[in-house]
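Down below is the structure, laid out as structure tokens.
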Amino acid sequence: MIIGLDVGGTHTDIVLVGESGLERKIKVPTDTSALFQTVLTGIEKITANIPSEKIKHAVLSTTLTTNAIVRDKLSPAAMIVSGGPGIDPEAFRTNEHYFTVSGSIDHSGKEIKPIDENQIEEIARRLKSEGIRHVGVVGKFSARNPDHELEIEKILAPYFDKIFLGHRISGHLNFPRRIATTFLNASVYPIHKEFFEAVKSTLKQKGISIPIYILKADGGTMHFDASIDFPGQSVLSGPSASVMGSVAFAPEDKETIVMDIGGTTTDMAVLINQVPLLSPLGIEIGKYKTLIRALNSYSIGMGGDSVVRIEGDSLKIGPDRIGPAMAYGGPVPTPTDALFVLDKTDDVNGDKNKSINGLTPIAEKLGITVEEAAFEIFDLACQDILTHARKMIERINSKPVYTIKEVLTGYQLKPRHIMVLGGPASYFAEHMEQISEFTVQRVPQWSVANAIGAALSRTTCEVTLFADTQKGVAMAPGESFSKPVKSNFTKKDAMELGYDLLRQKALQTGADIDDLDLDVLEDLEFNMVRGFRLTGKNIRVKLQVKPGLIHNYKMITDKIAAM
Amino acid sequence: MLSAKHKTGLVFFPAFDWAISPTHPEREERLLYTQDQVFEEGLLDIEGIIEYKANVVNIKDVQRVHFCAPDEKTVMTESHFISAGGAKTIADAVMNKNIEKGFALVRPPGHHAMRIVHGGRGFCNVNNEAIMIEYLRSAYNVDRVAIIDTDCHHGDGTQDIYWHDPDTMFISLHQDGRTLYPGSGFPEELGGPMAAGSTLNVPLPPYTSEEGFLYVIRELVLPILDEFKPDIIINSAGQDNHFTDPLTNMHFSAQGYADLTSLLKPDIAVLEGGYSIEGALPYVNVGIILAMAGVDYSNVKEPGYDHSQLRQSTQITQVIEKTCDTVMSNWNARELIRMRMKGNKKFDKRRRSVMYDTDGFYEHQNETIRICSDCSGVLKIDSTSDIGQHILAVHVPRKACRACREQGFEWYDSASERNYDMIILQNRVDDTYQIRKKP
Ligand SMILES: [Zn+2]
Ligand SMILES: [Zn+2]
């Protein structure tokens, strides 16, 4: 059996899945000031009377690091950045303790200017005296040649508890994002570490010894021990939990839009034949654009609690939320109130009369009955969501491509199927199907689909490898790998090497050997010509373990679907 | 956070799967390191810099500019359709005001492609800028256009296409044609009888550096543009003036290109040549993009750049100053020159041969233009290529007067199919393209 736990803003969902499908599901209130306690309570409750050897592992999706970033409650960390020529790295300053140092490497990985050891030493001493214990180091083009970052690390090592190096964080070329990502890793590291060590040791004290995984923003998992070096990966795992909880029930041979209709927002993502689409670079969170691998998700300010108002003489919904629906004592009318008026809700806690009172002024202004106004609000909410879904698809389809082949055979998404989860999902599903070209389906067990998604997701990771046969080297700096190669080294050799590294990395970060569903993200090979002569090959390979579900998920999800 | 002063669009189409031949300068690898640099600098994350996906041009877009023999599909590869399409994409975004400025970083280049196309010359098959401009004219009613060609090679293709068009100001800065392909682009090349002065050529001595280029822009190009009052300014942004370029002999730099761009303030830039793919292009392109967007580029420097080493001699400065004086006085005397060229003639004729170096053959042209005081004059070209095609191309210009239109139709109708493989009427008044072929 596997535990899936998803911490939400108000409550935390915990499920236990196993041979008989959804074995248990519970909700506990989230105490944001004591997340640790919430998680522990959840695990204790869900495992009550079950011996821990029956539990294979637990996957946690928490808001711990996300909240720290969004609420600007990051632990003090320092950044040491070497840029060289180009845009002044000062433009990418992340925090107070941010130092631009000398040293520069060009796009080919060649050193243009060495680092200045004394300068680093001096900064290290100063930071130490100021009590800084965690530091990030990023050089421009460190993903091509990590030497400067490694040299700086060596100088810093005696002064700090933990050092994060840009080239280990991502193989993508994007210096500003590498800076932001490394900074976030260094800044959330202490809370991440403290939290998980507390969870582990408390569980151990209570005699519950189960391996713990975290869910990542890319819909994959990672063993907790491995996450210590990449704590930023746990950011924004919430939306991916819901998407992963829908995967098993999506059509195997179709493109599907997954919509999580919440109170404040509706989050959307895309599945292609049950495989979630990844964002090209990484998530954006708060003011940070990062290289943290993530599902391509799209969030709009439209949910059950969005404000309904009249602008000019037409209805407008969102994008803001002021409070809960009036049915629950909120201050302004919302789409949820419209559902109450239309009797499209099974919630007995709300007060339909309050909703009617709330919608009356709107109905009067529009010169229609309250029921008619309620229907218009409901209809508009569905229309708005569909419009944004179409826009999202258009945006994905207009992503630039760089080869003739891609232009000519350009794969264009044309999803005709939607899956919805969230409170008003079933009512929205029915109406959206009526007014659109989509078939619309509700995700089974949608109220805990997020926790089910966490439980069933497999371990994912990515490897970037490049080779320059003119220089005679193949490198994967993210994996601390480098090896001499001969001039007859080919892309095929590079792929084999990359797959080896990927398998190793996946297993090290907690993957099950049966879950290694490998995939090519990029494979490019260029003739290098210098002085009209072929002098070598430039090969670039990016490989991943695809986000998806663990190998025996079907046995579980078939039962869930049949419930 | 960095943000662009001018909202700037970018089409990046490196054609990673297209080359003229494996070791040709125009090969897959050409923009690889530029992409690395653009990505690593994070330019696409700058607020106000937007990347667009290149669209493809259609045959009709090509037929507004070119006469392709035997047809478009034969002389163009897919890559040409996309490269020109990239320029068109940027033009649309500028005209729809989605962006203020745009840069089509596309390959293959186009500025050596002339009106008649039998094949490839100077790595170019069709003219990306001209296809974009004529599209702008037909879709958005743009009238006056200025093209400033800052590629190191003379933009002889663009010059040829706009030779007779007084509404298109073409100014080319390039390494002196006596020292470099294609061997043309001298100050006395001024355009045809109805358009003289709207073509201007500024040959620069080898080893011209930042000072020289910026002098020409400041002292010559900008004042002329002020007078010409274009609706839109296009920069044919070749990057082979760089001091590391393997095909040329100039001393220009990334800083210089960025400075030139901020002085010229083009609405649209389109990449042309530039073959120092590691040492120059990554930095020059970053410099141009930042300059267009109005973001500080003062720290963009290529390895090995040393301003003091690249200074031009006083002798070069003097040559450039003198050339600028000549060009300026030609510009000022343009009306007089036009009158003199027209004389009392009814038609003006010229014969010439065009070399297709990329594909290795010659084309021979007999050109006739009707001297007209009401429009830019209808044009016909009798063209034969060494590889077989013999065509008659009739071009009725965009603002053709009635008499010129009728002359054009008469030329088209009366030509005998027995004498030509194809007789083509490119009618820009009605935006049509008609072909008669040997039965
Ligand atoms: Zn050139
Ligand atoms: Zn006329």
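The values are calculated or read from the model by the stated rules, or taken from the named source; none is laboratory data. Quick caveat: nothing in here was measured; it's all calculated off a predicted structure. Cβ: placed from backbone, ideal geometry, glycine included. Neighbour counts: every protein chain shown. For accessibility, only protein heavy atoms count, side chains too; no ligands or nucleic acids. Shrake-Rupley method; radii C 1.70, N 1.55, O 1.52, S 1.80 Å.
Results, tabulated for the structure shown:
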quantity: Calculated Rg and Dmax of chain A using C-alpha coordinates, Å; calculated: 25.5, 82
quantity: Per residue value of the accessible surface for the protein assembly as shown (all protein chains in place, 1.4 Å probe), Å²; calculated: 38 Å²
quantity: B:Tyr52 long-range amide H proximity, modeled H, under 5 Å; calculated: B:Leu10, B:Val11, B:Phe12
quantity: Chain A: relative contact order as a whole-number percent, Cα under 8 Å and 6+ apart; calculated: 14 percent
quantity: Share, in percent, of DSSP beta bridges within chain B that are antiparallel, nearest 5; calculated: 40 percent
quantity: Model label zone, B:Asn249; criterion: amide N under 17 Å from point 7 Å along Cα-to-beta-carbon; scope region B:308-344; calculated: B:310-320
quantity: Amide proton proximity set for B:Val117, modelled H, under 5 Å, gap of 5+; calculated: B:Phe67, B:Cys68, B:Ala69
quantity: Where only C-alpha atoms are counted, convex hull volume of region B:119-167 per residue in Å³; calculated: 85 Å³
quantity: Surface share of carbon and sulfur [accessible, 1.4 angstrom probe, percent] for region A:250-442; calculated: 49 percent
quantity: Dipole magnitude (debye, nearest 20) for region A:178-304, charges at Cβ of Lys, Arg, Asp, Glu; calculated: 400 debye
quantity: FRET E, pair A:Glu371, B:Asn141, Förster distance 51 Å, beta-carbon r, rounded to 0.05; calculated: 0.50
quantity: Inter-label distance for A:Ser102 and B:Thr77, nm, one decimal - labels placed 7 Å from Cα along Cα-to-Cβ; calculated: 4.6 nm
quantity: Residue-span extension gain [B:Arg436 to B:Ala333] - 0.36 nm each, minus C-alpha spacing; calculated: 32.9 nm
quantity: Descending Cα extents along the principal axes, the protein assembly as shown, whole Å; calculated: 107, 76, 49
quantity: Averaged over B:41-47, number of beta-carbon atoms from partner chains that fall within 10 Å; calculated: 6
quantity: Virtual spin-label span in nm between A:Asp343 and A:Asn552, 7 Å along Cα→Cβ; calculated: 4.8 nm
quantity: Sum of -39500 (n - 2.57) over DSSP H runs of 4+, divided by residues of chain B (222 nm, nearest 500); calculated: -9000 deg cm²/dmol
quantity: Using alpha-carbon coordinates, inclination of helix B:281-293 to the longest axis of chain B, degrees; calculated: 80 degrees
quantity: Scattering profile of region A:105-258 at q = 0.11, 0.15 Å⁻¹ [log10 I(q)/I(0), Debye over alpha-carbon scatterers]; calculated: -0.58, -0.91
quantity: Per-q log10 I(q)/I(0), region A:462-545, q = 0.26 Å⁻¹ (Debye; single scatterer per alpha-carbon; no solvent); calculated: -1.21
quantity: Cα-based convex hull, region A:366-416, per residue volume (Å³, whole number); calculated: 76 Å³
quantity: Packing-based order for A:241-250, A:160-169, A:452-461, using average beta carbon neighbours within 10 Å, highest first; calculated: A:452-461, A:241-250, A:160-169
quantity: Global geometry of region A:250-442, whether rounded, prolate or oblate, following the gyration tensor of its Cα atoms and the 1.5 cut on a/c; calculated: prolate
quantity: Euclidean distance of C-alpha centroids, region B:400-417 and region B:97-147, integer Å; calculated: 27 Å
quantity: Net charge dipole size for region A:462-545 [Lys, Arg +1 and Asp, Glu -1 on Cβ; Debye, nearest 20]; calculated: 820 debye
quantity: Three-way shape call for region B:1-99 based on the alpha-carbon gyration tensor, with the a/c threshold at 1.5; calculated: oblate
quantity: Distance violations [Cα-Cα > 22 Å] among A:Lys45/A:Lys216; A:Lys54/A:Lys554; A:Lys25/A:Lys546; A:Lys110/B:Lys101; A:Lys154/A:Lys486; A:Lys25/A:Lys54; calculated: A:Lys45/A:Lys216; A:Lys25/A:Lys546; A:Lys110/B:Lys101; A:Lys154/A:Lys486
quantity: Helix B:32-41 vs. chain B, principal-axis angle (Cα, 0 to 90°, nearest 10); calculated: 50 degrees
quantity: Cα lying deepest toward the dipole's positive end in the protein assembly as shown, options A:Ile112, A:Val138, A:Tyr499, charges on Cβ; calculated: A:Tyr499
quantity: Under Karplus coefficients 6.51, -1.76 and 1.60, residue-wise ³J(HN,Hα) of region A:150-165 in Hz, glycine/proline x; calculated: 5, 5, 5, 4, 4, 5, 6, 2, x, 9, 10, 6, 8, 10, 9, 10
quantity: P(r) tail fraction, region A:98-180 - alpha-carbon pairs more than 18 Å apart, %; calculated: 38 percent
quantity: 5 angstrom amide H check on B:Thr432, placed H, neighbours 5+ away; calculated: B:Asn427
quantity: Region B:218-338: Rg to Rh, with Rh as the Kirkwood radius over Cα pairs; calculated: 1.00
quantity: Two-site label geometry, A:Glu122 and A:Ala561: point separation in nm, points 7 Å out along Cα→Cβ; calculated: 6.6 nm
quantity: Members of B:Lys97/B:Lys265; A:Lys289/A:Lys391; A:Lys73/A:Lys162; A:Lys354/A:Lys391; A:Lys140/A:Lys471 lying beyond 24 Å, as alpha-carbon distances in this model show; calculated: A:Lys354/A:Lys391
quantity: Helix axis angle, B:254-264 relative to chain B longest principal axis, alpha carbon, degrees; calculated: 60 degrees
quantity: Sparse-neighbourhood loop sites, trypsin sites (Lys or Arg not before Pro) in region A:270-338 - DSSP loop, at most 15 other Cβ within 10 angstrom; calculated: A:Lys287
quantity: Förster radius 56 Å - calculated FRET efficiency between A:Glu364 and A:Arg530, Cβ distance, rounded to 0.05; calculated: 0.10
quantity: Derived scalar couplings ³J(HN,Hα) [region A:393-406; Karplus, 6.51 cos²θ - 1.76 cosθ + 1.60; whole Hz; x for Gly, Pro]; calculated: 5, 4, 5, 5, 5, 9, 5, x, 10, 10, 10, 4, 4, 5
quantity: Distance from region A:452-488 to region B:212-233 (C-alpha centre basis), Å; calculated: 51 Å
quantity: Within chain A, helix-based [θ] at 222 nm, where runs of 4 or more DSSP H residues each add -39,500 (n - 2.57), nearest 500; calculated: -10500 deg cm²/dmol
quantity: Separation of alpha-carbon centers, region B:16-71 and region A:345-411, rounded to whole Å; calculated: 38 Å
quantity: Cα centre as origin, Lys/Arg/Asp/Glu Cβ charges: region B:344-437 dipole, Debye; calculated: 480 debye
